[in-house]
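Since the structure comes first, as structure tokens, the remarks are kept for the end.
Values quoted throughout were computed directly from the atomic coordinates according to the rules given, and no laboratory measurement underlies them. Keep in mind that what you see is a predicted model, and the values were worked out from it rather than measured. Here the Cβ positions follow ideal geometry from the backbone for every residue, glycine too, while neighbour counts run over all protein chains shown.
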Amino acid sequence: MIEIKGLTKKYGSFYALQGLNLSIGEGTVFGFVGANGAGKSTTFSILSTLLQPTAGDAWINGKSVTKNPEDIRKLIGYMPDFFGVYDQLKADEYLDFFGSSYGIPAAERAKLIPQLLELVNLTHKRYEYVDVLSRGMKQRLCLARTLIHDPKVLILDEPASGLDPRARIEMRDILKQLKSMGKTILISSHILPELAEMCDEIGVIDSGKLIAHGSVSAIQTQLQGEKVITVKLRETVDKAVKFFEEDPFVTGIEVNEQQLTFQYRGSDEEQMALLKKAVLANIPITSFAEEEKDLEDVFMAITKGVDEA
Amino acid sequence: MKSMFTNPVLIKEFKLRFRAFKSFSGIMFYLLALSIFVFGFIFVLMDFNISGFISSEESVMLFSLLTYVQLALILFITPGMTAGSISSEREKQTLNILLTTAQSSFQIIFGKMSSSIVFLMLLLIAGLPIYSLVFLFGGVSPSQLIVIFAFLIVTMLAVGSIGVMFSTLLRKTIISMIATYGSMLVLTGVTAFFFLISMEMNRSGMTGVTSSPSIFAHFWGTINPIALMMTLIDPLMLDSFYEVTNIHFPIWAGYLIFYSLVTIVCLLIAVKRLRVNMKKVK
């Protein structure tokens, strides 16, 4: 559905994007994660025909972003990270304006608008001026606006930014609904856990480069070589420290009362062997557990690696 | 014609404009300014006139005054109405969304431009009852009024398109306003100055008689809106203009050609530069 090849955007000597390659299948919910300024919005702006790439190209449904921008605009629904609304318009007039901008006949628009307002839970605000809506409501109205022409692809740049927890949950529920409607959704965030639940795939971008791409679990597996193990002991901490220090895959042992924490680089089999060996050596282990890394840790670890390189 | 009234941007602009209080206050102040000039003129005239009536010559004077006031108001209001048309959307962060819709750049520019022009025409029409006062006293023909109105609209379109062009090219409304008002200054003040200089340069030595045709003097005079209005109001001014430039090409035709070209070129630039040119990618 979406194919990005060698996409580059250069401002003077600064690279906002450096040869980005990416392929996203139809119906996929793709989460684009990266710190502020990593290149997420630049990618989305190019895909939305708002920005001209310095090199490379992207195709949506076989249409080139650089060669067929008019066709692309009909295929996508774009929601920018920061956007304004026409305060003097009412919610239904706002949607009507964008409906007519896509050439949807007035009769069809009249049927569509109540459906869209219902989808984003704004039916009760239909005749209210956009000006009086809360930020969360404006975000939802803008999301309804992106859907007015029934696009195949939704490009949502930080749709949940600046929202309170309740509004975030509401937004997430709507996105789940859109996912079930079979839309291909590109969604960006600098907060990874926000995306984990609803995304099929995640791409991590840093300094204009895609540094990881795959399912949420696949990206977590990328960190397998750097897993953190916590061992709880009943007694004889010194003996345990000495034992684990001898293992070639163990580094950075930290002692906290009756608990040891260390990085382990071995495979699952080697990890099993280590535990067995520790038990046979009479190390009084009460717990031997791999630390659950949340997505924030994954993101931090990946981006840290890139910075150091 | 139908497409003009179904243009989404135009309809949206109408709604936004007529829901804003400043549009109504704008019309009110425009009519107020016009009324102050007309009624002030009439009262002053009546005070100095022992006979207590206004002659047709004085009526023509009133008509001239009204035309210059209206021209000045158009030159002053049009940049304010159009120089923020695109840049204000950019500042309010609504432009990006608008540019990702299926509307063509021409549709967007046309909608923006025509909404401003239609509002300005409303101002002109609203001022007609005050204008028509001159017919009470005679001395002015309706055809003269129609011609002057037609040229006011030509001027309005040109100034409006300059405003829309700067609004598209420049990111900030304030800079776009300065650029558009600067252009007005060039078209009214600088052209008048160049006209006078070229006219002087064309005079032959001591005699002060114009010897050869002066293309430059004719050009600078032709594109000056005030000079055009002078010749439209008073045919004697037209004769003197032809005398000093020694070229008998009609000033109204030159004006029409020049400002039509300005309108077309500015709108084309605005349409071309509204969106990024994707086809330039390596």
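For chain A, just say rounded, prolate or oblate: build the C-alpha gyration tensor, square-root its eigenvalues into a ≥ b ≥ c, call rounded for a/c under 1.5, and beyond that prolate if a/b exceeds b/c, oblate if not. Verdict is prolate for chain A. Ordering A:Thr251, A:Thr184 by the number of other Cβ atoms within 10 Å of each residue's own Cβ, fewest first, gives A:Thr251, A:Thr184. Sorted fewest first by neighbouring Cβ atoms within 10 angstrom, B:Trp220, B:Trp252, A:Trp59 come out as B:Trp252, A:Trp59, B:Trp220. Each Cα pair under 8 Å and six or more residues apart adds its separation to the average, and for chain B the resulting relative contact order is 23 percent. Among B:Val164, A:Val29, sorting on how many other beta-carbon atoms sit within 10 Å of each Cβ, with the fewest leading, yields A:Val29, B:Val164.
What does the C-alpha gyration tensor say about the overall shape of chain B? Classify as rounded when a/c is under 1.5, otherwise prolate if a/b is larger than b/c, or oblate. The shape class here is oblate.
Quantify how strongly other chains surround peptide A:83-90 by giving the mean number of their Cβ atoms within 10 Å of each of its Cβ atoms. Show your work: numbers first, answer last.
Values: counts 6, 9, 4, 8, 4, 7, 4, 1.
Counting other chains' Cβ atoms within 10 Å and averaging over A:83-90 gives 5.
When we measure straight from the Cα of A:Lys242, which lysines land under 24 angstrom away, once same-chain ones fewer than 8 places off are left out? Qualifying lysines at Cα under 24 Å: A:Lys227, A:Lys232, A:Lys276, A:Lys277. Per-residue 3J(HN,Hα) values for the range B:137-144, derived from phi via the Karplus relation 6.51 cos²θ - 1.76 cosθ + 1.60 with θ = phi - 60°, read 9, x, x, 10, 8, x, 5, 4 Hz in sequence order (x marks Gly and Pro). Listed values for the range A:274-283 are Karplus-derived 3J(HN,Hα) couplings in whole Hz (6.51 cos²θ - 1.76 cosθ + 1.60, θ = phi - 60°), namely 4, 5, 4, 4, 5, 5, 5, 7, 6, 7, and x replaces Gly and Pro. What residue among B:Phe249, B:Leu169, A:Phe14 has its Cα farthest toward the positive end of the dipole of the protein assembly as shown, where the charges are +1 on Lys, Arg and -1 on Asp, Glu, each on the Cβ? After comparing all options, I get B:Phe249. What is the list of residues in the range B:223-260 whose amide nitrogen lies under 17 Å from a point 7 angstrom out from the Cα of B:Leu196, following Cα to Cβ? Only B:223-228, B:230, B:241, B:244-245 fall inside the zone, counting backbone N under 17 Å. For chain A, the longest principal axis of the alpha carbon atoms and the long axis of helix A:165-180 meet at an angle near 80°.
Among the listed pairs A:Lys183/B:Lys272; A:Lys5/A:Lys183; A:Lys9/B:Lys15; A:Lys183/B:Lys172, give every one whose C-alpha distance is greater than 29 Å.
Values: A:Lys183/B:Lys272 33 Å; A:Lys5/A:Lys183 22 Å; A:Lys9/B:Lys15 39 Å; A:Lys183/B:Lys172 37 Å.
Over 29 Å Cα-Cα: A:Lys183/B:Lys272; A:Lys9/B:Lys15; A:Lys183/B:Lys172.
Applied to the range A:13-20, the Karplus parametrisation 6.51 cos²θ - 1.76 cosθ + 1.60 on θ = phi - 60° returns per-residue 3J(HN,Hα) values of 9, 8, 9, 7, 9, 10, x, 6 Hz, with x for Gly and Pro.
In summary, the lysines within cross-link reach of A:Lys125, defined as a Cα separation below 18 angstrom excluding same-chain residues under 8 places away, comprise A:Lys90, A:Lys111, A:Lys138.
Going by the alpha-carbon gyration tensor, a ≥ b ≥ c the square roots of its eigenvalues, is the range B:117-229 rounded (a/c under 1.5) or, if a/c is not under 1.5, prolate (a/b greater than b/c) versus oblate? Cα axes put the range B:117-229 in the oblate bin.
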